[in-house]
1. Can you confirm whether the range 28-35 contains a residue that is at pLDDT 95 or above and either more than 20 Å from Q243 (Cα to Cα) or among the acidic types (D, E) (or both)?
2. Could you check how many residues of the range 25-45 are out of contact with any strand residue (DSSP E or B) (no Cβ under 7 Å at 6 or more places or on another chain) and either small (G, A, S) or surrounded by 15 or more Cβ atoms within 10 Å (Cβ to Cβ) (or both)?
3. Can you confirm whether T270 is in a helix (DSSP H, G or I), surrounded by fewer than 11 Cβ atoms within 10 Å (Cβ to Cβ), at pLDDT below 95 and out of contact with any strand residue (DSSP E or B) (no Cβ under 9 Å at 6 or more places or on another chain)?
4. Check G244 against each of (1) assigned to a loop (DSSP other than H, G, I, E, B); (2) surrounded by fewer than 16 Cβ atoms within 10 Å (Cβ to Cβ) and name the one condition it does not meet.
5. State all residues of the range 114-145 that are crowded, with 19+ Cβ neighbours inside 10 Å and in a loop (DSSP other than H, G, I, E, B); if no residue qualifies, say none.
6. Within the range 27-48, how many residues are farther than 21 Å from W188 by Cβ and touching a helix residue (DSSP H, G or I) at 6+ places or on another chain (Cβ under 7 Å)?
7. Applying the selection to the range 37-54, what residues are in a loop (DSSP other than H, G, I, E, B) and either under 20 Å from V106 (Cβ atoms) or in contact with an Asp or Glu (Cβ under 7 Å, 6 or more places away or on another chain) (or both)?
8. Do the conditions hold for C162, that is, is it within 18 Å of R108 (Cα to Cα) and not in a strand (DSSP E or B)?
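The values are calculated or read from the model by the stated rules, or taken from the named source; none is laboratory data. This is a predicted model, so every value here is computed, not measured. Counting neighbours? That spans all protein chains shown, and the Cβs are built from the backbone with ideal geometry, glycine included.
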Amino acid sequence: MELAYDADWELEKDDAEILIRLRGGDVLWQKERLLNVAMDAVPDYCEAIAWLDCDIIFPDENWGRLTLHQLEKNAIVQPFSQIYDQTSETDTAPCGPPHRTRTSLVYRVADNAPISEIGNARLRNEWNCASGLAWAGRRDILRQHGLYDACIVGGGDRAIACAAYGAWKPLQRRQCMNNAQRRFYESWAVPFHECVNANVGYVPGVVINLVHGTTTNRNQARRFQLLEQYDFDPFTDLTLDRQGAWQWATDKQEMHDFVNQYFQLRAEDTV
């Protein structure tokens, strides 16, 4: 799955068995939106779907089989428990010594971290864990509910995890959601939680995160505070283009410029 704006596509036809390339949409966080489009192309014989960041490596080749085993008793799964953050300062070999070691969010919850706090905690600095990088879920649940896709400056992984655990209220406060955002989120989160019912698991094992960009540039906490001033309303400010990507539906140029600039300043391609 690739979305291009003005530039040429990076992916070629032989890069995937099923390749979906879109052109259009606007500059905002499109990841979960595009994953929802991609799910419609998953073959009927697939009983599970994994969505993985492209900058990770699983040293254990059996991670897929182990994930399917966990999905026999859980609705969604983080397919790892430990994270090795590989940076340019460490060994360049994929399994070289880690710069930093963290855990998956689900592992932390299983280790008695309070569910009520997962939406509000500083996961990287306080809990030393991550809510993203990789997830997998049962196909029937994902096709019925999709992924929450209206976090336009990022944060979708945690929004999905909080809904799975039924802990969305603190998340709404941390992401500075206004009333419209809260209603839009809860319209997805409540039925998703009723289906998942906190049946969330993890696979014991390691994932290597190939670090790029900086946490400072991502401005992960303040980005929501900055967005708040533009009174973002997902009911009216967003619409789908003909290919299924998000595009702006209202003429809030200052908000559009802010979101565009935010992603430019992230400088994701630096190491």
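1. Yes, the conditions are met somewhere in the range 28-35.
2. 7
3. Criteria not met by T270.
4. (2) is the only condition that G244 fails.
5. I118, G119, A121, S131, G132, L133
6. Within the range 27-48, residues that are farther than 21 Å from W188 by Cβ and touching a helix residue (DSSP H, G or I) at 6+ places or on another chain (Cβ under 7 Å) number 3.
7. Scanning the range 37-54 gives a single hit, D53.
8. For C162, the condition - within 18 Å of R108 (Cα to Cα) and not in a strand (DSSP E or B) - is met.
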